[in-house]
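Heads up, the thing below is written out as structure tokens.
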Amino acid sequence: MNHPFLVTSVCGALAFFGCKESHPAETPSAKEAHILDMKRATDHHSFAKPAEAVTTHLSWDAEVDFDTRQIHATATYNLKVADDAERVLLDCRGLDIHSVQVDGQDVEFELGAEQPFIGQPLSIPVHPTSNKVAVAYSTSDNADAFLWVEGEHPFLFTQSQAILARTWIPCQDSPGIRFTYDAKVRVPKKLMALMSAVNPTVKTDNGVYTFRMDQPIPSYLLALAVGDVEFREVGPHTGVYATPDLIDAAEFEFSEMEDMLVAAETLYGKYAWERYDLLVLPAAFPFGGMENPRLTFATPTIIAGDRSLVSLVAHELAHSWSGNLVTNATWDDFWLNEGFTVYFEQRIMEAVYGRDISEMLGTLSYQGLVDEVDAIMDVNPNDTHLRLHLKGRNPDDGMTAIAYDKGYFFLRLLEETVGRPAFDQFLKTYFTSHAFQIMDTDSFLIYLDDNLLTTESLKASVDVPAWVDGQGLPDNCPQVQSARLDLVDATLDEWVQGGKAASDLPWDQWLYQEKYRFLSNLPDDISSDRLAELDDAWSVNATGNNEVLFAWLEQAVRSRHTPAYERLEMFLIHVGRRKFLTPLYKAMVDTDQETMAEAIYKQARPNYHSVATGTMDELLGHPSH
Ligand code: BES
Ligand code: ZN
């Protein structure tokens, strides 16, 4: 049985309070709406009160000023207001609010007290009949969502997830609240503006761009990028944007995107966003990828020249279902976004590249998970639960490999328990029946019991509570098998024991996953001389594959292999992807090389995004910014 009232859209909640545009067929009875309200997960990271008023559409009119590193804008929202409501609350952080109008009239607004990382509530007086609220504002010059790249090739990009949208647009910044949007954005001539919306493919003469996003999205998927980019089609519904120096490489690297899109639709139902394009960002982008709807933002570090790192594209594409279509209600439910996405990513990879490849990725994911569980168990064991408890904490604290990889293995266990056909049917129905709605952990568990784990013996063999609210990795975690990686492990042992020389090993025949496995499993105390042997045989230090380079550099730091330090420094100054930075700086700290870490960080920090400096400041003991 379905529980439509446990999981529904915000409009359903408001119907109870007399929201003007309620749809009769969807209107739950007063009692059911009450149940819903009790069940509705509270988002501790937003001041929004969706039971009082919700924003349903945003019209954003903005001017991007590279000189002052600010955006001056007006955000006009359509509202639905409950019968007894007197205000609407928007989240903002570091915004300079100039004026607020409700239905064309200036009103007195209030900015509440600032809370760390949450920001301030902007309280705007409204009536049950109010339709529109318009906020004129400027961003601060160091808004946390932004990264401004200066110089000959200026670039601006935003990163809104998890709670940074409020640093560039006043909004109900909670993943449970969705709205459509349109925008008009003025940027310097010669630059193109792109958003998580219907995008241009050529530059305009006057630097003015207009956008529409007709499907309702949560605020964390608001995105803007401005730069000197070009567009290339790679398929009927897919294309890439990149700067002129990277556009050819990007076109080649991502030319299989359409195949992935077709594979994804075949698995779990129609793609809801019409086009799937990818924007290659400057190397300072703090993530591998971000699933902004219609336009994935991606780090250039996945351009390897041989399409070997495209599982990241499969991942961001998969979010078009898990996350963008069915959205985690709060950041405590983050695993519903990321765990499902890793599972879906693996299925796309299996469909397009074969099971050998996807099982290698699964094996690497398992190794990453075991390491992460070990690390977190020492610090905060409850952070190894799938369901998080982030109240009073920065949601960023919960964005670990647990949501991703423990989430993945939980879904894989479900698949193995009921069989693939039944699980695929379940997932497909889950996505279609909850499209454009939110999902919290409790509601998902009810849905799971009602639709998949329907017998006591199925429930017992999965043991959902151990996975969702238990520590560590349960005993029934599925086993991954990769004969190719087993062989790599054996080869590594042999080389470590001195049985074979590096030049006798099949490095050139190995895929990236095999090279990565070899380098990331070198014994910690391996000598610099032995690393030199590897570099002589394989020129690892000159590799164009950033994952391989990263594994190499981390080991080089741990073994004080100084010939690699120049490359290390270049890499850290050029690349801002947090997944690489954290282990590299940490390796320096762990091995009494803080002085080098500090010296490099001093040079590199101005290039990093706030997401990366937040983590590195903490790691290196800097006063928090
Ligand atoms: N949505 C995430 C990125 C994210 C998570 C941003 C939490 C802010 C807060 C994105 O889909 C992601 O998971 N990216 C991964 C790549 C993926 C292949 C695991 C990354 O950036 O490393
Ligand atoms: Zn993701």
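The values are calculated or read from the model by the stated rules, or taken from the named source; none is laboratory data. Note that the structure is predicted; figures quoted are calculated from it, not measured. All Cβ positions, even for glycine, are placed from backbone atoms using ideal geometry, and neighbour counts span all protein chains on display. The accessibility values were calculated without ligands, DNA or RNA, using every heavy atom of the protein model including side chains. Shrake-Rupley method; radii C 1.70, N 1.55, O 1.52, S 1.80 Å.
I'd like the orientation of helix 30-39 relative to the chain: the angle between its Cα long axis and the longest Cα principal axis, in ° from 0 to 90, rounded to 10. Long axis of 30-39 versus the principal axis of the chain: about 30 degrees. A dipole drawn for the chain from +1 and -1 charges on Cβ atoms has a positive end, and of 177, 70, 129 the residue lying farthest that way is 129. Taken about its Cα centre, segment 309-415 carries a charge dipole of about 300 debye when Lys and Arg each add +1 at the Cβ and Asp and Glu each add -1 at the Cβ. Note that segment 398-403 has calculated 3J(HN,Hα) couplings of x, 8, 10, 5, 4, 4 Hz, one per residue in order, obtained from phi through the Karplus relation 6.51 cos²θ - 1.76 cosθ + 1.60 (θ = phi - 60°); glycine and proline are x. Estimated from helices alone, the mean residue ellipticity of the chain at 222 nm is -11000 deg cm²/dmol (sum of -39500 (n - 2.57) over DSSP H runs with n ≥ 4, per residue). Of the solvent-accessible surface of segment 59-154, computed with a 1.4 Å probe over protein heavy atoms with every protein chain present, carbon and sulfur atoms account for 43 percent. Local charge for residue 404 was computed over the other residues whose Cβ lies under 10 Å away, with Lys and Arg +1 and Asp and Glu -1, and equals -3. Heavy-atom accessible surface of the chain, averaged per residue, reaches 39 Å², computed with a 1.4 Å probe.
Write down the Kirkwood hydrodynamic radius of segment 447-527, to one decimal in angstroms, obtained as one divided by the mean of 1/r over all alpha carbon pairs. After inverting the mean inverse Cα-Cα distance, the result is 16.3 Å.
Once the Cα atoms are used to define both axes, helix 441-451 deviates from the longest principal axis of the chain by about 80 degrees.
Within the set of other residues whose C-beta is less than 15 Å from the C-beta of residue 284, count the net charge using Lys and Arg as +1 and Asp and Glu as -1.
Values: positive: 69, 577, 578, 579, 605; negative: 144, 150.
Taking every Cβ under 15 Å from that of residue 284, the sum is +3.
So, with a 1.4 angstrom probe, what is the percent of accessible area on segment 157-275 that is carbon and sulfur?
Working: 2050 of 3890 Å².
Carbon and sulfur together cover 53 percent of it.
Taking amide H as placed 1.01 Å from N in the peptide plane, residue 174 has its amide H under 5 Å from the amide H of 219, each at least 5 places away in sequence or on another chain.
Magnitude of the charge dipole for the chain, about its Cα centre and with charges confined to Cβ atoms of Lys, Arg (+1) and Asp, Glu (-1), is about 1300 debye.
When each of the peptides 165-172, 451-458 is scored by the mean number of other C-beta atoms lying within 10 Å of its residues, the order from highest to lowest reads 165-172, 451-458.
Dipole orientation for the chain: of the candidates 143, 192, 379, 192 has the Cα lying most toward the positive pole (charges on Cβ; Lys, Arg +1; Asp, Glu -1).
Among the protein heavy atoms, those of residue 369 account for about 0 Å² of accessible surface (1.4 Å probe, every chain in place). By the Stokes-Einstein formula, at 1.306 mPa s and 10 °C, the chain with its Kirkwood radius over alpha-carbon pairs has D equal to 62 µm²/s. Note on the chain: dipole from Cβ charges, positive end direction compared against 162, 220, 247; the farthest Cα belongs to 220.
Net charge in the neighbourhood of residue 196 (other residues with Cβ under 14 Å of its Cβ; Lys, Arg +1, Asp, Glu -1) is -2. Of the residues 332, 590, ranked by 1.4 Å probe accessible area with the largest first, the sequence reads 590, 332. As a fraction of the 1.4 Å probe accessible area of segment 516-571, surface on carbon and sulfur atoms comes out at 43 percent.
Would you list 406, 459 from the most to the least accessible area, probe 1.4 Å?
The ranking, largest first, comes out as 459, 406.
Sorting the segments 304-312, 53-61 by their mean number of nearby beta carbons within 10 angstrom, highest to lowest, gives 53-61, 304-312. With the simple model of a label 7 Å out from the Cα in the direction of the Cβ, residue 78 to residue 370 spans 5.4 nm.
Cα-Cα pairs above 18 Å in segment 236-367: how many percent? Cα-Cα pairs of segment 236-367 separated by over 18 Å account for 52 percent. Largest accessible area first, the residues 107, 133 order themselves as 107, 133 under a 1.4 Å probe with ligands, DNA and RNA left out.
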